[in-house]
Every structure is written in C-alpha cells, then in structure tokens.
Amino acid sequence: MTNPVPPDGPFPAGAIAGVDETVIYHGGGVTYALAGVVFLDAQRARRAFQQLTANRKRAFHWRTEGSTLREEAVTLLENHIAATYVLARTAGRRQQVNARRELLAYLVAELTNDGIDHLIIESQGTTPDGRDRNTILDSFQANRSGPAFTYEWRTKTEPLLWYPDALAGVAHESLAYGQTQHFERLQKARVATEVHYVADQPPENA
C-alpha cells in the first residue's frame, strides 16, 4: 500500500502519469471516459505547456479553447507523451460515480502493470477525491503481485493536468460528434491506440 504524496510539492522521480475525465450525454444515459497519459519527461512537458499559454493567467481547458490552441495542444501530446489510455463505460446519468470507480480501478491495474511510479489526478473536491483514494487502495490490494505507485490530486492550475484534459477533449470530439481528426493524428503518431470500453472487471496483473 502506498500513501499519497503531499500535494503541490515537487514530483517524484520516475515515470509519471496524469488522468482527467469527460462525460458524453445521450438520451437517458452517459458515456463516461477517463483519459490517461504517460509522460516521456514530465518536467519538459510541463515547461512546454507553460510556454504555450505564457501570455495569460487562466489554465488550459480544451472545452473553452479556440481551434489554434487545440491544434497546438495536440502537437504537445504528440511530442511529450509516451502512451495514452482512453477508457470508457456507458451508464445511467445517476451512475457516473460507479462508472468512474470501475474505470479508475481498471486504469490503476493498467498503470501498475506498465510500471508507472506516480499518478496525478485532477481534484474534484474532498468527497470525490476520497472515493478515488479508496478505489486506488482497493486496486493495490487486489494486485499484490505488482508494485504500487504514489499518487496525488492537484487542481487544474497544474500544467501536467492539461495534457489529459486535452486527450479527454480529443476523445469527447470523437465519441460525441464523430470528429476523429485529432484522435487519428495521435494514432498516426503512435501516441494513442483506440477507445477501450471497459467491462465490469479490471485486467489481471501481468
């Protein structure tokens, strides 16, 4: 079992991943998706996105950005990301908490299998973050044969979280509107593979 590291401090050494989410509404249900990224070099990636938005104070958010900055964000994903995960699950509108728990459990197992050292999650508040923590700890207990990683929550002001936000935006374009051009760019660059719809159980530890 690995305790969370203190927030807002320096990042630990090793392979770092970040995660964000997007929700697509349709009829009486939703498609809930988690977007995870693994950085080639987290510090270089952080500086690159800071430089891209250096002339303003607000954080990057795909949903509110114009087309030019979105294109540049996809380029940053191509240049600074080693691997991505786009995990999705359909659910009722009132089942988003369960969908997030199931997807996060699956992602934790995948990250453990892939040897990630540290995970950054966008904070959603005390209660949701507590649910995430329970999911992570339960996943560590269920995958005792693999090493646990450290983890923490940070706000949207953290530039490393802008990468999974951008990936979530790309996934939303594809899933909600059939606009696949950005996702196909990431596939061509071998940064992304495909959206994976998750069943009830996380993968077994390799």
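The values are calculated or read from the model by the stated rules, or taken from the named source; none is laboratory data. Nothing here was measured: the structure is a model prediction, and the numbers come from that model. Note: ideal-geometry Cβ built from the backbone for every residue, glycine included; neighbour counts use all protein chains shown. Ligands, DNA and RNA are stripped out before the accessible areas are found, and what is left, the full protein with its side chains, is counted by its heavy atoms. Shrake-Rupley method; radii C 1.70, N 1.55, O 1.52, S 1.80 Å.
Report yes if Phe149 is farther than 20 Å from Glu21 by Cα and touching a strand residue (DSSP E or B) at 6+ places or on another chain (Cβ under 7 Å), otherwise no. Considered against the rule, which asks whether it is farther than 20 Å from Glu21 by Cα and touching a strand residue (DSSP E or B) at 6+ places or on another chain (Cβ under 7 Å), Phe149 comes out as yes.
Against the conditions (1) at pLDDT below 95; (2) touching a helix residue (DSSP H, G or I) at 6+ places or on another chain (Cβ under 7 Å); (3) surrounded by fewer than 18 Cβ atoms within 10 Å (Cβ to Cβ), Asn3 satisfies every one except (2).
Among the residues of segment 130-189, those identified as among the hydroxyl-bearing types (Ser, Thr, Tyr), more than 15 Å from the chain's Cα centre (by Cα) and closer than 21 Å to Thr68 by Cβ are Ser174, Tyr177, Thr180.
Pairs are defined by a Cβ separation below 8 Å, a sequence spacing of at least 6 or placement on different chains, a first member in segment 186-198 that is surrounded by 12 or more Cβ atoms within 10 Å (Cβ to Cβ), and a second member that is assigned to a loop (DSSP other than H, G, I, E, B); the pairs so defined are Leu186/Ala192; Gln187/Thr193; Gln187/Glu194.
Residues checked against (1) among the hydroxyl-bearing types (Ser, Thr, Tyr); (2) open to solvent by 10 Å² or more (accessible area, probe 1.4 Å); (3) at negative phi:
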| site | (1), (2), (3) |
| --- | --- |
| Ala88 | no, no, yes |
| Leu104 | no, no, yes |
| Leu107 | no, no, yes |
| Leu111 | no, no, yes |
| Thr127 | yes, yes, yes |
| Ile136 | no, no, yes |
| Tyr151 | yes, no, yes |
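Looking at the structure I just gave you, is Ala99 in contact (Cβ under 8 Å) with a residue 12 or more places away in the chain and either within 23 Å of Ile16 (Cβ to Cβ) or not in a helix (DSSP H, G or I) (or both)? For Ala99, the condition - in contact (Cβ under 8 Å) with a residue 12 or more places away in the chain and either within 23 Å of Ile16 (Cβ to Cβ) or not in a helix (DSSP H, G or I) (or both) - is not met. Residues in segment 10-25 that are touching a helix residue (DSSP H, G or I) at 6+ places or on another chain (Cβ under 8 Å) and more than 13 Å from Arg94 (Cα to Cα): Phe11, Ile16, Ala17, Gly18, Val19, Asp20, Glu21, Thr22, Ile24.
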